[in-house]
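> Once you've had a glance at the structure underneath, I'll fire off some questions.
The values are calculated or read from the model by the stated rules, or taken from the named source; none is laboratory data. What you see is a predicted model; the values in this text were computed from it and never measured. Quick reminder, even Gly has a Cβ in these numbers, built from the backbone with ideal geometry, and neighbours come from all protein chains shown.
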Amino acid sequence: MNGPAQPYPLHGSIEAEDAKELLRKAIRTARQARSERRRVEAANALADVVETIPEVQAAGCVATYASRPTEPGMGVLLERLSARGVSVLLPVLGAGLQRDWALYTGPEDLRVRAPGRPPEPGSPTLGPDALAGADIVIAPALAVDTRAVRLGQGGGWYDRALEHARPGVKVVAVVFPEEVYDADERPLPLETHDRTVDAVATPLGWRWLV
């Protein structure tokens, strides 16, 4: 394949939880190697792609996230949605796995509350039920496979938070192109509590998975 290699350090029989940790480590290492120039290019391309999703075009409220430095950049998309008058909900992690949301009011309001955590808005929190107002959810991921399995950061935050989404609202996972896995050849580990997604978006395009 063209571009960066796809991390897949799995072989033989291995428990799903252990397999996830191996993959997370390999993917995080690969993400750290991406240059700042390529990250900026990817952020602009990703915004172009996500804006073509019909549910995003029609949305009055989008639940998404503020990206960490090595993740696919969301800053351009956040600004474009906000400029269109779309209400943008961002996660507020709270203590432990506490789930909460707050409105995006601009990049100057985002703050990193603890090392390693994503930036969070400083606007008033709205409670976990605020997600029911979202017309589409754009979720972070480390990888997605063609069965719609999403590999998250490991805290289980989104698996629990998505319980508050309206029935039928689509969930789109965002990754880099090499982080989309062919489930026939390189399936991602899946546990019973894992929540699958409906679509995947990368800086090169998006597609439905289910």
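> Would you check which residues across segment 161-210 are out of contact with any helix residue (DSSP H, G or I) (no Cβ under 8 Å at 6 or more places or on another chain), within 30 Å of L126 (Cβ to Cβ) and assigned to a strand (DSSP E or B) and list them?
A173, A199, V200, W208
> Tell me yes or no: at least one residue of segment 61-71 is among the hydroxyl-bearing types (S, T, Y), on the phi < 0 side of the Ramachandran plot and without any contact (Cβ under 8 Å) to a residue 60 or more places away in the chain.
Yes, that holds for at least one residue.
> A further question follows. List pairs: first in segment 44-60 and closer than 17 Å to L89 by Cβ, second of a type in the set (G, A, S) and outside any helix (DSSP H, G or I), Cβ under 8 Å, 6+ apart or cross-chain?
Qualifying pairs under 8 Å: V50/A201; I53/A199; I53/A201; A59/A134; G60/S87.
> Yes or no: segment 133-141 includes at least one residue that is among the acidic types (D, E), assigned to a helix (DSSP H, G or I) and more than 14 Å from the chain's Cα centre (by Cα).
no
> Please tell me if R113 is in contact with a helix residue (DSSP H, G or I) (Cβ under 7 Å, 6 or more places away or on another chain), surrounded by fewer than 17 Cβ atoms within 10 Å (Cβ to Cβ) and basic (K, R).
So R113 does not fit the description; no.
> Kindly check whether there is at least one residue in segment 66-79 that is within 20 Å of G122 (Cβ to Cβ), surrounded by fewer than 18 Cβ atoms within 10 Å (Cβ to Cβ), at pLDDT 95 or above and of a type in the set (A, V, I, L, M, F, W, C).
Taking every residue of segment 66-79 in turn, none turns out to be within 20 Å of G122 (Cβ to Cβ), surrounded by fewer than 18 Cβ atoms within 10 Å (Cβ to Cβ), at pLDDT 95 or above and of a type in the set (A, V, I, L, M, F, W, C).
> Now a separate question. Residue check, Q98 against (1) modelled with pLDDT under 95; (2) among the polar types (S, T, N, Q); (3) touching a strand residue (DSSP E or B) at 6+ places or on another chain (Cβ under 6 Å), all met but one. Which one?
Every condition holds for Q98 apart from (3).
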